[in-house]
Amino acid sequence: MTGLLVNDRDIVFPGQVLAESIEFLPGEDVIREKEQLISTKIGIASINGRFVKLVPLTGPYIPKRDDIVIGKVVGIGLNGWRLDIGWAFEANLNLKDATSDFIEKGADLTKYFDYGDYLMTGISNVISTRIIDLTMKAPGLKKLGEGQIIKVGSTKVPRIIGKQGSMITMIKDYTGCRISVGQNGVVWINGDSPEKEHLAIRSIRKIEAESHINGLTDRMKEFLEQEKK
Amino acid sequence: MSDIVRKHTLKLLEQNTRSDLRKLDEYRTITLEYGAVGGAEGSARVKIGDTDVLAGVKFEVGKPFPDTPDQGSIMVNAELRPMSSPDFEPGPPNIKAIEMARVIDRALREGGAIDFKKLCIKEGEAMWMVIVDIYPINDAGNLFDAASLAALAAIKDAKFPKMDAQNKIDYHESTNKKIEMGTMPLSCTIYNIGGKIIVDPTSQEEELCDARITVGVLENGTMSSLQKGGEYGLTIDQVNEMVDVAIKKSKDLRKVMQK
């Protein structure tokens, strides 16, 4: 097929023409303008047969249904909580989606989740950009305990987790820390000692900085081995 | 601040360490770059860890104040732009920006950084006004020390612009004449968090601050200015300890200036 203007894994910029042929189809973050396929973000081109898509290097978190996110309680209303999940609008956690307990009308909701609490929640529905529903009714969803909160770019989260959780499991094994990663880029870390927590944070920051370079898993293993000594 | 983060940070301080494994009286890596802004007569960029501050100096010719007809003057202005921190809002300078500018102004003025008599062009008629503008690029904690270091370095870097006989300044041409500096007063800010005395806090630690003291220290270790901030009080012993730490740590800051 002719008309492809970039190679697989090339770094592309917004507005760059990736292909000039009707044979190619636009994938994620790529748009079609007549015969041209144009990139809308800065990222790495990924060509799969006729599909041209890109993996963004940076960008805000865009909520999707079934994502697991870590949110901070920023508001308490009559029938639930409002959480900051790193999106332009706050997400809603309704009473019925938060707990199975019977809660009387007018009860003090801070007994369950107070202002500033961090919750590991799932996105149950994205009705519009302004209305995002959360749920706590799935395995592993809970209020997070004492620990450190760090924020990373949401586009780097897949690399931090790794294939079937391989990368994050490796960091957990080497550091002995308990780590939870939200798709929105919020990471909760709790370790037995400040040194172990610091190593976990440095590992995550290293992945964030080097996520676009090949051979990351091997480099991370080497880094963790060296640091553990 | 979130309860879980507060508890965790306080627990680390109890163990005399911090989330980045620094000691309580240890600064992050400090870098200083002179002449960072081409358009200013003098400028400096200071980085303390991820905190990044730019300071610039401009000169203007003005009329001396009636009570000091043979002296020039200095004006320090700080603007906390929203791009540097999610906590800063657009609009006129807020209380934090005004306090920062005033504290730095006080340290420079009372510490005798500039000999104001040397800034007089003609007694009662014309004088040089040194205008220092401070712009944080990123606030990751301890803006006070970074801004104070940047302001002093920018003044040290400044060269007078060319001026004709009618006292009209040509900003496109500079002379080689620098401001004659007196002493070098540096500000060092010490924080009290839950009874622990620390220097160079991160923005997370800054949120937990009970009280802080900014001490202006001269080259010979003399204290030249003092500003207390934060909501809680301090005992006499705590103040003494904090001033001692400030005098000790100001030597580290001074080494950066001399590089």
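List of remarks:
- Pair list, Cβ < 8 Å and 6+ apart or interchain, from segment B:198-209 residues that are part of a loop (DSSP other than H, G, I, E, B) to residues that are charged (D, E, K, R): B:Asp200/B:Arg22; B:Asp200/B:Glu26; B:Asp200/B:Arg28; B:Asp200/B:Asp145; B:Thr202/B:Arg18; B:Thr202/B:Asp20; B:Leu208/B:Arg6
- Restricted to segment B:1-33, and to residues there that are of a type in the set (A, V, I, L, M, F, W, C), within 11 Å of chain A (Cβ to nearest Cβ) and out of contact with any Gly (no Cβ under 7 Å at 6 or more places or on another chain), the residue that is surrounded by the fewest Cβ atoms within 10 Å (Cβ to Cβ) is B:Leu21.
- Given (1) in a helix (DSSP H, G or I); (2) crowded, with 16+ Cβ neighbours inside 10 Å; (3) within 14 Å of another protein chain (Cβ to nearest Cβ), number of the condition A:Thr110 does not satisfy: (2)
- Yes/no for A:Ile123 being β-branched (Val, Ile, Thr), out of contact with any Pro (no Cβ under 6 Å at 6 or more places or on another chain) and away from chain B (no Cβ under 14 Å): no
- When segment B:131-180 is filtered for residues that are surrounded by 15 or more Cβ atoms within 10 Å (Cβ to Cβ), assigned to a strand (DSSP E or B) and modelled with pLDDT under 95, the ones remaining, listed by number, are B:Lys159, B:Phe160, B:Pro161, B:Met163, B:Ile169, B:Ser174.
- Residue ID - nearest to the other protein chains (Cβ to nearest Cβ), chosen from residues in segment A:62-107 that are at positive phi and part of a loop (DSSP other than H, G, I, E, B): A:Gly86
- Against the list (1) hydrophobic (A, V, I, L, M, F, W, C); (2) out of contact with any Phe, Trp or Tyr (no Cβ under 7 Å at 6 or more places or on another chain); (3) within 14 Å of chain A (Cβ to nearest Cβ), the condition B:Ala36 fails is (3).
- Within segment B:123-134, one or more residues are over 16 Å from B:Ile179 (Cβ atoms) and touching a helix residue (DSSP H, G or I) at 6+ places or on another chain (Cβ under 6 Å).
- Filtered residues of segment B:71-105 (kept if in contact with a helix residue (DSSP H, G or I) (Cβ under 6 Å, 6 or more places away or on another chain) and either β-branched (Val, Ile, Thr) or closer than 18 Å to B:Lys117 by Cβ (or both)): B:Gln71, B:Gly72, B:Val76, B:Ile104
- Any hit, segment B:47-58, residues being assigned to a loop (DSSP other than H, G, I, E, B), within 14 Å of chain A (Cβ to nearest Cβ) and either under 28 Å from B:Gly195 (Cα atoms) or acidic (Asp, Glu) (or both): yes
- When A:Gly77 is tested against the conditions (1) of a type in the set (Gly, Ala, Ser); (2) surrounded by fewer than 19 Cβ atoms within 10 Å (Cβ to Cβ); (3) touching a strand residue (DSSP E or B) at 6+ places or on another chain (Cβ under 8 Å), the lone failure is (3).
- Pick from segment A:123-148, criterion among the basic types (Lys, Arg) and closer than 14 Å to A:Ile70 by Cα, ranking: surrounded by the most Cβ atoms within 10 Å (Cβ to Cβ): A:Lys143
- The residue of segment A:43-82 that is farthest from the chain's Cα centre (by Cα), among those that are free of Cβ contacts under 8 Å to residues at least 12 places away in the same chain and assigned by TED's automatic domain parsing to the domain that holds A:Val126, is A:Leu78.
- Hits in segment A:143-171 (condition: over 22 Å from A:Lys196 (Cβ atoms) and within 14 Å of another protein chain (Cβ to nearest Cβ)): A:Lys143
- Some residue of segment A:167-179 being assigned to a helix (DSSP H, G or I) and touching a residue at least 60 places away in the same chain (Cβ under 8 Å): no
- Residue match in segment B:200-217 (condition: in contact with a helix residue (DSSP H, G or I) (Cβ under 7 Å, 6 or more places away or on another chain), surrounded by fewer than 19 Cβ atoms within 10 Å (Cβ to Cβ), of a type in the set (Gly, Ala, Ser) and closer than 24 Å to B:Arg109 by Cβ): no
The values are calculated or read from the model by the stated rules, or taken from the named source; none is laboratory data. On a predicted model such as this, the values are computed, not experimentally measured, just so you know. Positions of Cβ are backbone-derived with ideal geometry, glycine not excepted, and every protein chain shown enters the neighbour counts.
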